[in-house]
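Here's the structure, in structure tokens; my notes come after.
Throughout, read-outs are computed from the coordinates displayed, never taken from laboratory work. Quick caveat: nothing in here was measured; it's all calculated off a predicted structure. All Cβ positions, even for glycine, are placed from backbone atoms using ideal geometry, and neighbour counts span all protein chains on display.
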Amino acid sequence: MKLDVNALRYLSKDDFRVLTAVEMGMRNHEIVPSELVGRIASLKHGGTYKVLKNLLKYKLLHHDSSKYDGFRLTYLGYDFLAIKTLVNRGVFLAVGRQIGVGKESDIFEVAKEDGTVLAMKLHRLGRISFRSVKSKRDYLRHRSSYNWLYLSRLAAVKEFAFMKALEEHGFPVPSAVDCNRHCVIMSLVEGYPLVQVKQLQNPDVVFETIIGLVVRLAEHGLIHCDFNEFNIMIDDDEKVTMIDFPQMVSVSHRNAQMYFDRDVECIFKFFRKRFNLSFHETVDDENDVEIDNDESARPCFSSISKTAGSLDKELAASGFTRKDQEDIEKFIESGLEGDVDSGGEEDGTEDTDVVEVEHLHILEEEPLNGEENAGCQRNHEACQNGVSENDSD
Ligand code: ADP
Ligand code: MG
């Protein structure tokens, strides 16, 4: 999805007030009745109508009159709210080009005042999965309170908490900078995803490092669950950085062994195919018999001592609650089971099959009846355009 932040410069305080009113309304409504938006925003002289028109023009809202007259946020609208908050906090000043597009996220460069470039990950859970409506019907019927805002926010909170904890325990991950709504700001990793790397000086060393990471994670109580060539970055010195943490689980998860083995298998398979690594081991010198010892080269989940740090328990206490974890796991697991159709939409008005939202906590820091945000207009003006289309390769 294209993220054109140009409009940020032209949006007024009232525009953001109404946008935030729709966000608040979405706590309890899939489509927020126009009249409720007006009441929450409570602009003088009935100014809400004009503002709504403006927000629609910029595709920050979607208008729906199928059941009653109302509005909901688009991805772009939610992006703008997060970006504005982070810009106001001084986390960054300008949004640059898109550097990655995942199945359920978009990644952009952002720049700080001093020129430092960071990475901004906008989570888009549900972009794909909720569109395969048929396979999700049962799931949604029983869990009507799920929607993409809630899930994307949850994914961001989880990713941020895990990244921070992993960094503190010396794992090679991006540095976690800040988080708001569905948006995570982290340091920019130099290098490329392993999938783009055709040659390595020391493939066996890189391989050992990567397998060592899977093992060390398990020793600390965690499994990545999506550990593959797309989520491992490698720089010119062949230094490895792992990314992408929303799906991580504890070693006490009921499917821990399967997830662990799957992560290991992905790495073995990739290195065998791409770098022709073979995992033979000569075990019988006397008879000079080389045994294909693939299996014994693999780390064994049950024999790993999981006492190094119990990061899983630390994280459970970090504000990312057990209920959050359960919610996101249910969604991710259902995504693995259902058939998923691919492709996003360009206009930011994706068809999300959402029923009702019970427990969004998306407005932690901007109560509508609060004071004005000093400096906010200045910061909007500082936001630049310049986002390119996907450059996924
Ligand atoms: P998804 O969950 O959608 O797979 P990822 O976190 O794996 O998202 O990011 C998708 C792509 O964006 C990565 O493959 C990588 O190319 C790029 N990317 C993500 N985070 C960073 C970062 N911190 N620095 C540089 N590139 C990144
Ligand atoms: Mg990824």
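Over all distinct alpha-carbon pairs, what is the Kirkwood Rh of the range 137-265 in angstrom?
One decimal place: 15.9 Å for the Kirkwood radius.
Collect residues whose amide H, placed 1.01 Å from N in the peptide plane, falls under 5 Å from the amide H of Gly96; neighbours closer than 5 in sequence don't count.
When sequence neighbours closer than 5 places are left aside, the close amide H contacts are Glu109, Val110, Ala111.
I'd like the Karplus ³J(HN,Hα) series for the range 175-184: coefficients 6.51, -1.76, 1.60, θ = phi - 60°, whole numbers in Hz, and an x wherever there's a Gly or Pro.
Calculated HN-Hα couplings, in order: 7, 7, 9, 6, 8, 8, 6, 9, 10, 10 Hz.
Using the Karplus curve 6.51 cos²θ - 1.76 cosθ + 1.60 with θ = phi - 60°, what ³J(HN,Hα) values do you get for each residue of the range 105-116, in whole Hz, with x for Gly and Pro?
6, 10, 10, 10, 7, 10, 10, 7, 4, 7, x, 4
If the range 1-103 were replaced by its equivalent ellipsoid, with semi-axes equal to the square roots of 5 times the Cα gyration tensor eigenvalues, what would those be, largest first, whole Å?
Output for the range 1-103: semi-axes of 24, 16, 12 Å.
Could you pull out every residue, at least 5 positions away or on a different chain, whose amide H is within less than 5 Å of the one on Thr321? Hs are placed 1.01 Å off N in the peptide plane, and Pro or chain starts have none.
The answer is none.
If amide H atoms are built 1.01 Å from N in the plane of the peptide, which residues on other chains or at least 5 residues away come under 5 Å of the amide H of Ser105?
Arg124
What order do you get for Leu86, Leu60 when you list them from fewest to most C-beta neighbours inside 10 Å?
Arranged by neighbour count, lowest to highest, Leu86, Leu60 become Leu86, Leu60.
List the pairs from Lys198/Lys239; Lys57/Lys112; Lys84/Lys164 whose alpha-carbon separation is above 19 Å, in the order I gave them.
Flagged as over cut-off: Lys57/Lys112; Lys84/Lys164.
Can you put Val240, Val195 in order of Cβ neighbours within 10 angstrom, beginning with the fewest?
Val195, Val240
Fewest first, what order do Cys179, Cys266, Cys300 take by the number of other Cβ atoms within 10 Å?
By the 10 Å Cβ count, ascending, the order reads Cys300, Cys266, Cys179.
Could you derive backbone 3J(HN,Hα) for the range 25-34 from the dihedral phi with the Karplus parameters 6.51, -1.76 and 1.60 (θ = phi - 60°), listing whole Hz in sequence and x where the residue is Gly or Pro?
Working through the residues one at a time gives x, 6, 4, 10, 9, 5, 10, 8, x, 3 Hz.
Separation of the range 200-225 and the range 67-125 by C-alpha centroid, Å?
Using only Cα atoms to place each centre, the spacing works out to 31 Å.
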